[in-house]
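In what follows, a single structure is set out as C-alpha cells and then discussed.
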Amino acid sequence: MGYAQELARSMSGFSNFAVSFSIISILSGCLTLYGYGMTTGGPAMIVWGWPLVGLMTLLVGLAMAEVCSSYPTAGGLYFWAAKLARRNGAAWSWFTGWFNFLGQVATTAGIDYGAALFANAFLDLQWNFATTPGHTLTIFGVILLLHALLNTLGVKLVALFNDISVWWHVVGVAVIVGALVFWPSHHASASFVFTKFVNETGFHNPLYVGLLSLLLAQYTFTGYDASAHMTEETRNAAVAGPKGIITSILVSLAAGWVLLIGITFAITKYDGAVTSATGVPPVQIFIDAIGATGAKLLLLIVIGAQFFCGMASVTANSRMIYAFSRDGALPGSKIWHRISDRTRTPVNAVWLAAVGAFALGLPSMWNSTAYAAVTSISVIGLYIAYVIPVFLRLRQGSSFERGPWHLGRWSRPVGMAAVGWTALITVVFVLPQVSPITTKSFNYAPVAVLVVLGFAGVWWMVSARRWFTGPRVQGSLEELETIEEGLEH
C-alpha cells in the first residue's frame, strides 16, 4: 500500500472481529436507546425494526468488506475513496475522511455517554447518587479518561480487552435473557411484544414515527469499520479484515434480536419504565421483573459490556485519526500522527478521540434529546463515509481489482442496495424526533454535521485542494524496508 509498517502487526483474525463486535455492542446500543424505542414505535418497532435494519446493514457491510480486501490499511474508508475515484480522488478522500472522523468521534461519545447513564443509574440505586445531567457528564468524563489511559498502554492490552469483550457479551446476553425468562412470574403477551405500536413523539404520522424508530437498531449497527482500521495491526489482513466486518454484523444480528425480545417480554409497567426515576428504562424493567438486587447484578453486566465497547471505539477512532493525520488532513497532523516509541501506538490520537467525544457530549447539560442527537450524528457521519467508497467501487465496474475476499456477481446489486439504504437513513435521522420543537428538544444532529462539513468544505476550497493529494506514499519498497528496520531497532 506504500506505507511503512509503523504499527505492531500482532492482532489475530479473532481479535480483529472482536474489535468490531465490541463496538457494535448489543448491550450498549440496544439498551441505551431502548427508552427512545419505547416512545418511538414501541415494542412492535423495537422487535421488527431490528432484523430489518440488521439485514440492510449486512448489505452495507458486505459491500465494504469487498473493498477492504483490496485495500487493507488503517486509513480504511478515506484511503479506499482515493484509490477508487476515477478523478478528483483527493476531494473524495478528503470528505470521506472528515465524515468518518465525525462519525467515529460521535460513536465514542454515544457509547461512553450511554455507559455513564447506566453507571449513574447503578450508583443511584446503590448509594443514592442522583441521576442528574451534571453527575452523568462527570461519569462520562471519567470513563473517557480511563479509556484513553488504557489505550496508551499498547495494542496487546487492547486486543486482550476485546477478546474478553466477545465472551462477556455472549455470556452476558444469555444471563440477562435467561434471568428475564425464568425469574419473573409474569410476562407480557406475544401480541404486545410483536404488534403493540406506541407513539409519544407528538407526531401523528405512523410511517414517519416508524422510520424514526429505526435509529435504535441503526445506531447499534455502527463501528464495524473498526476491522478495516485495525488491518495494519492484523495478520492476513486482506481476509481477516473482511471476515471481521461480516462476522461482527451476523453475530450481533442474532444475539441482539434475542436480547430485545427477551427484554420486551419482561415489561410489566410500561409507563413506569418510560418515566423511571433511574433515567434508564431498561433498569426499571429489570427492577420490576426480578427485583432491585437482581437488577443491580444485570446492570453490572451491562456496564461492563459498555466499558469494553467504549474501549474498542477509542481504539478504532485513534487509528483513523492516526492514518488521516499521516496524510496531513487534520489540523495539527504532525501531533496526532506521532507514535509512541515504547508501545508503537498513536498516543496523541487517542487523546484527541477522547476530548472530541467529550465535547460532543456537553450539550446533554441543557438539551433533553442530546443523546439521540449524538447517536444520529454517529449514524450519519459513519454511513456516509461507509457508502462513498461503495459508490465509487460501483462506478469502476469490472475494472475494480478484487482482493482475495469478494462478492463475485453479487457485487453490483449488493452495492446499489447499500447506497440506497444509506441515502434513506441519512435523510431520516436529521429530521425532528419530537414535537413541538423547542430549544430543549431540537435535534442538533444536522447542525453538527453541517458545521463539520462546512469547516472541511471551506478548508478544502481555501487551502487543502492545493496541497492535499490523498493518501501519501511514504516511499519505494526499499525505502519502506529501511524505515521498518529502523522501527524494529
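The table for this structure:
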| quantity | calculated |
| --- | --- |
| Centre separation in Å (Cα based) which lies between segment 385-450 and segment 17-73 | 14 |
| Length gained when the stretch Ser333-Ala174 is fully extended (0.36 nm per residue, less Cα-Cα span) | 52.8 nm |
| Interchain or long-range residues, amide H under 5 Å from Thr234's placed H | Met11 |
| Student exercise, segment 13-467 dipole from Lys, Arg, Asp, Glu Cβ charges, in Debye to nearest 20 | 1280 |
| Net length gained if the chain between Phe182 and Leu362 were fully extended (0.36 nm per residue, minus Cα distance) | 60.8 nm |
| Relative contact order %, the chain, counting alpha carbon pairs below 8 Å whose residues are six or more apart | 34 |
| Furthest towards positive pole of dipole, Pro471, Asn88, Val258, structure part the chain, Cβ charges | Asn88 |
| Shape of the chain, Cα gyration tensor, a/c cut at 1.5 | prolate |
| Loop chymotrypsin sites (Phe, Trp or Tyr not before Pro), segment 363-410, which have at most 10 other Cβ atoms in a 10 Å radius of their Cβ (DSSP) | Trp366 |
| Net charge over other residues, Cβ less than 13 angstrom from the Cβ of Ser364 (K, R count +1; D, E count -1) | 0 |
| Under-30-angstrom lysine pairs by C-alpha in the chain, whenever the two are 8 or more apart or on separate chains | 9 |
| Summed residue charge, Cβ within 14 Å of Gly37's Cβ, Lys/Arg positive, Asp/Glu negative | 0 |
| Neighbour net charge for Leu84 - beta-carbon separation under 9 angstrom, K R +1, D E -1 | +4 |
| Between helix 281-326 and the chain: long-axis angle, C-alpha atoms, 0 to 90°, nearest 10 | 10 |
| J(HN,Hα) series, segment 239-248, from Karplus relation 6.51 cos²θ - 1.76 cosθ + 1.60, nearest Hz, glycine and proline x | 10, 5, x, x, 5, x, 4, 5, 5, 4 |
| Sites Leu149 and Ser463, calculated FRET efficiency, Cβ-Cβ separation with R0 56 Å, nearest 0.05 | 0.95 |
| Helix-only mean residue ellipticity at 222 nm for the chain, each DSSP H run of n ≥ 4 adding -39500 (n - 2.57), per residue, nearest 500 | -23500 deg cm²/dmol |
| The chain: angle of helix 347-361 to the longest principal axis, Cα-based, in degrees nearest 10 | 40 |
| Cα pair distances of segment 395-436 binned at 5 Å [whole percent] | 5, 16, 20, 16, 12, 10, 8, 5, 4, 3, 1 |
| Sorted peptide list for 262-272, 458-468, criterion being average Cβ within 10 angstrom, highest first | 262-272, 458-468 |
| Extension reserve of the Thr293-Glu200 stretch, reckoned as 0.36 nm per residue once the Cα distance is removed | 30.4 nm |
| Using θ = phi - 60° and Karplus 6.51 cos²θ - 1.76 cosθ + 1.60, couplings along segment 194-207 (whole Hz; Gly, Pro as x) | 9, 10, 6, 9, 10, 9, 10, 8, x, 8, 10, 8, x, 5 |
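No value in this document is a laboratory result; all are computed from the given coordinates. Everything numeric here is computed off the predicted structure, so don't read it as measured data. Note: ideal-geometry Cβ built from the backbone for every residue, glycine included; neighbour counts use all protein chains shown.
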